[in-house]
Amino acid sequence: MRIAIDARMVAEPLSGPGRYAINIVRSLAALDQENQYLILQNRRLHKRITTAKNFRTIWVSYPPLSLRGVFLLQSLLKREKIDIFHSLYFLAPVGPKFLRLITLHDLAALRFPNFFQGRGFFVRIYAKAFTRVFIPVSAIYAKKIITVSRTAKEDIIQWKPELEKKIKVIYEAVDPIFKNTADSNAIQNARDKFKLNRKVILYIGNTRPYKNLPRLIHAYSLLCKGNDSCYQLVIGVSDSRNMPLLRKLSKRYGLLKSTVFINNLTDEEIVALMNLAEIFVFPSLTESFGLPPLEAMACGTPVVASKAGSLPEVLGDAALIVNPENEEEIARGIKQVLTDKRLREGLIKKGLERVKLFSWEKTAQETLEVYKAVMKEKQ
């Protein structure tokens, strides 16, 4: 088989979909030396995802969210005589000459009107129109749709019931770099660099509205009300579009001095922060999988997460689950994990075991089986 994988969304610092893309490509390279792969990348990563002999990288100048990507990519794939095209984003190019697969992580861009908040007015208008047209088109024309949890599958079926038969659930996993480390130098370097002089409550993710960070900041204000020596809240993000709004909110609650906002974190810095944190909090209003809380668990950090989306499915009883729309409940959950030693130790132990249920090798194997199945159907 000649398989093209679209990994143009990968850029540093890595987002959840970007980390998914890197790990699925590298795991396929370790697993499959028989088939030929073409990896589409853009220059924002500055390096090849893999240098395996049967994996060839083509640098594509136009981004995933572009009309050029929809219409011009077809000629490149035709020239390369591709059998299967797998978009690790939601978007597949038009044209009848090859089998299309997409990984549809979620429908957040369709469900949340303010999904593109923080971008310029015309960019927002374009992005909204683009996703509303091409997410449905890509899903309808895809031979198979891979999604990353049963919850995400149910969301897609509720959106378009006719897609049910073509959906395959394949879980994500934790990158091996996330682990409980004894590297005290890396941890101290992170404390010094980011001026962390107290115990830390940590969030890692992005600033999109559905991540629910205003409620996290409000919950933090309830937890630390009138306590000048309270924990520091560290918000580490892969994008800073909505950071000014979050800073204003922290200032309104009188928390600006005790809230640390960080962007452009390296992987090493994220691992260090997850290891030094007393607790990891993830209050999203929706998630298709939710890698950051699993990554925190792999680092031996107890997790408080919301009951929304796939988080209860993925995290099970290894996290304390709270209502993300109730700031007081979020605050109580954080306090409970911080003060109840038995609960804390239990969550750490369960978290380390929970992470073992997920593996990129298994993800790659199941993805390869989908490739083989669609080729067999074609024949």
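All of the numbers you see were taken from the coordinates with simple rules; none came from a lab. This one's a predicted model, so the numbers in the text were calculated from it and none came from an experiment. With ideal geometry, Cβ positions are generated from the backbone for all residues, glycine too; neighbour counts draw on all protein chains shown.
Assorted remarks:
- For semi-axes √(5λ) of the Cα gyration tensor in Å, calculated from these coordinates, the label among (1) 37, 22, 20; (2) 37, 25, 15; (3) 33, 24, 20: (1)
- Whole-Hz couplings from phi, Karplus 6.51/-1.76/1.60, listed for segment 110-117; x for Gly and Pro: 8, 7, 10, x, 9, 4, 9, 4
- Take the Cα radius of gyration of segment 184-355 and divide it by 2.2 N^0.38 Å, N being the number of residues; the result is 0.93.
- Sparsely packed trypsin sites (Lys or Arg not before Pro) within segment 205-282, loop by DSSP, other Cβ within 10 Å at most 16: Lys225, Arg241, Lys257
- Absence of a disulfide-compatible partner, taken as no other cysteine beta carbon within less than 4.7 angstrom, is noted in the chain for Cys299.
- Residues Arg150 and Met1, FRET efficiency given R0 of 30 Å [Cβ-Cβ distance, rounded to 0.05]: 0.60
- The mean of 1/r over all distinct Cα pairs in segment 297-379, once inverted, gives the Kirkwood hydrodynamic radius of 14.8 Å.
- With the simple spin-label model, which puts each label point 7 Å out from Cα in the Cβ direction, the Arg241 to Lys225 separation comes to 3.4 nm.
- For segment 315-356, trypsin sites (Lys or Arg not before Pro) are listed when DSSP marks them as loop and at most 12 other Cβ atoms sit within 10 Å of their Cβ; the list is Lys356.
- Residue separation of Leu31 and Asn264 scaled by 0.36 nm, minus their Cα-Cα distance, works out to 80.7 nm of gained length.
- Nearby aspartates and glutamates by direct alpha-carbon distance to Lys362 (threshold 20 angstrom, same-chain neighbours under 8 apart not counted): Asp32, Glu34, Glu172, Asp175, Glu295, Glu313, Glu353
- Over 23 Å between alpha carbons, listed pairs Lys128/Lys251; Lys168/Lys378; Lys97/Lys143; Lys53/Lys153: Lys128/Lys251; Lys53/Lys153
- Under 5 Å, built H, 5+ apart or other chain: amide partners of Asn206: Ser238
- On the basis of the beta-carbon distance and an R0 of 56 Å, Glu80 and Lys251 show a calculated FRET efficiency of 0.60.
- Modelled spin labels at Arg111 and Ala11, positioned 7 Å past Cα toward Cβ, are 2.4 nm from each other.
- You can think of it this way: the chain between Leu67 and Leu343 has 94.2 nm of extra reach, that is 0.36 nm per residue less the Cα-Cα gap.
- Gain upon complete extension [Val123, Ile157; 0.36 nm per residue less C-alpha separation]: 9.3 nm
- For the pair Lys165 and Arg198, a Förster radius of 41 Å applied to the C-beta separation gives a FRET efficiency near 0.20, rounded to the nearest 0.05.
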